[in-house]
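First comes the structure, then the notes that go with it.
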Amino acid sequence: MKPWILGLTGGIGSGKSAAAQHFRALGVHLVDADDAARWVVEPGRPALAEIAAHFGVEVLQPDGRLDRAALRARVFENAEERRWLERLLHPLIRQEIRSYLERASSPYAILVSPLLVETDQHKMTQRILVIDVPEPLQLERAMQRDQADRKQVEAIIKAQASREERLRHADDVLVNDRDLSWLQGEVERLHRFYLTLRGGQP
């Protein structure tokens with residue numbers, strides 16, 4: 001039977017990656033949209049050639065790989081260029097995710113994406129799990145993890161979907177305001193529940 005797809009999302013510092021790693025340790029097939037976004041611009045892939053043709057070779061590193069910082073600087077100061085890049089990459093990323101998920105052999109598979117709600121990636125899923133965290137704790141964790149200042153983290157939080165918007169899309173919510181072993185216990189509880197579902201529904 002074809003596995004159903006769980007969308008796993010959460011804001012920066014929510015513990016989304018820690019939850020995803022534990023699902024993977026339990027044998028669940030998992031693809032991260034951030035990984036797919038990296039795969040589509042690897043050397044030799046058509047997207048990289050199109051990006052270089054459009055923006056010029058200054059967005060490439062000497063070894064021919066994409067210089068993400070240079071590209072980011074170009075698109076963040078120009079909304080039209082950002083839209084051009086999104087039009088190129090989003091369908092390719094979606095295709096990459098889909099082909100990876102189709103290889104799943106676990107009863108359900110997981111699409112991990114920080115932008116699940118903001119993009120149409122949630123349409124690829126049958127159920128959504130949001131890793132939620134109170135904002136003061138989210139700020140503290142993200143600042144600590146990334147060695148970033150408060151202003152920087154607040155800007156990232158502002159650019160992502162609001163907590164309310166994510167929760168509106170959620171079928172399941174895991175409030176990750178305790179320690180790692182508690183989070184792992186909650187993941188195991190959800191995993192047992194998910195194994196009872198067909199097509200993501202009880």
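Some points to look at:
- Residue match in the stretch 36-55 (condition: of a type outside the set (A, V, I, L, M, F, W, C), in contact with a Phe, Trp or Tyr (Cβ under 9 Å, 6 or more places away or on another chain) and open to solvent by less than 40 Å² (accessible area, probe 1.4 Å)): no
- Any hit, the stretch 174-183, residues being of a type in the set (Asp, Glu) and not in a loop (DSSP other than H, G, I, E, B): no
- Here MET1 clears all of (1) among the hydrophobic types (A, V, I, L, M, F, W, C); (2) modelled with pLDDT under 95; (3) within 30 Å of GLU154 (Cβ to Cβ) except the condition numbered (3).
- Hits in the stretch 155-183 - residues which are surrounded by 16 or more Cβ atoms within 10 Å (Cβ to Cβ) and either more than 18 Å from the chain's Cα centre (by Cα) or charged (D, E, K, R) (or both): ARG163, ARG166, LEU183
- In the stretch 87-118, residue nearest to ALA33 (Cα to Cα) [restricted to those that are in contact with a strand residue (DSSP E or B) (Cβ under 7 Å, 6 or more places away or on another chain) and assigned to a helix (DSSP H, G or I)]: ILE97
- When residues of the stretch 1-23 are limited to those that are among the polar types (S, T, N, Q) and open to solvent by less than 20 Å² (accessible area, probe 1.4 Å), the one nearest to the chain's Cα centre (by Cα): THR9
- Residues in the stretch 60-69 include at least one that is in a helix (DSSP H, G or I), over 22 Å from GLN184 (Cα atoms) and open to solvent by 30 Å² or more (accessible area, probe 1.4 Å).
- The residues in the stretch 70-97 that are open to solvent by 50 Å² or more (accessible area, probe 1.4 Å) and either more than 17 Å from VAL40 (Cα to Cα) or of a type outside the set (Asp, Glu) (or both) can be counted, and the count is 16.
The values are calculated or read from the model by the stated rules, or taken from the named source; none is laboratory data. Everything numeric in this text was worked out from a predicted model, so none of it was measured. A quick note on method: Cβ atoms are made from the backbone with ideal geometry, for glycine too, and the neighbour counts reach across all protein chains shown. Please note that ligands, DNA and RNA were not included when accessible areas were found on the heavy atoms of the full protein model with its side chains. Shrake-Rupley method; radii C 1.70, N 1.55, O 1.52, S 1.80 Å.
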